[in-house]
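Worksheet: the structure to be examined is printed underneath.
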Amino acid sequence: MQIQFGMKKDIQMTTLKPYLIATILVLASSLAAQSVIFSTLGNPGGDELAGVNDWVILGSPFQTDDTLYNTISGTVVMRFGSNETALVSVWSNSASNTPGTQLFSFDPIQGVDASSMQQYSLTTSALNTLQPNGIYWLVLQGTTSTQLPVNRSSSNNFTGAGSLPFPYLAIGYNGGTTWDISPNMNPLTFEIAAIPEPATVVTIFGLCALALAGLRRNKDCNHR
């Protein structure tokens, strides 16, 4: 009877090991932090204007590394008042290396202070992804007749896992149906961050392992 008890205990511990490992994997993945893909926040510079008049839309490019990303967020630096709203979105890259089509938009930004530049967070509740080694454009426009001052980086220097594919801004007209390239303008002062997709894969793997471990444990208990 003692030997049989010991065997059952060993079976129980063997069954419990994958359960504990899977639990650790899930907990680790739940703590996965966002990675900065591209940022020029460290070198703010002069102003540029975005509005609904002449210069309707400003586009600033960035490129991802060899990672698939989701849960995209960001930051943009602007100076506009509480009666003004800015729209920020992410666009694909066209064959002419200008913004192509809009992929998704962030929540509208309400102004806070028209007298000084402020950092505004870019958030969205929608599930969006950025493909590996993809070229994208952060596109910004105003919604009122007033042109909104947007901060432009003092150089082409940046930080993050991605890269700067083109050292220029794109200026859009007519809602972004036509674009001009401004080669002497540095990128906008902004940041794009996201969660690397492998974290999601680990979560799914951990949940599957938990389910399998639970089934195995129940099976072992039923055979005692």
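Please treat every number below as a calculation from the coordinates, not as lab data. Being a predicted model, the structure only gives us computed values, none of them experimental. Cβ sites come from the backbone with ideal geometry, for glycine too, and all protein chains shown count toward neighbours.
Once R0 is set to 22 Å, what does the formula 1/(1 + (r/R0)^6) return for the Cβ-Cβ distance between residue 180 and residue 110, expressed as a FRET efficiency to the nearest 0.05?
On the way: r = 29 Å, r/R0 = 1.31.
Efficiency, rounded to the nearest 0.05: 0.15.
The H on the amide N of residue 45, modeled in the peptide plane, is under 5 Å from the matching H of 152, 153, 154, each at least 5 residues off or on a different chain. Pull out a ≥ b ≥ c, the square roots of the eigenvalues of the alpha-carbon gyration tensor of the range 35-198, then state rounded if a/c is under 1.5, prolate if not and a/b is larger than b/c, and oblate in the remaining case. Verdict is rounded for the range 35-198.
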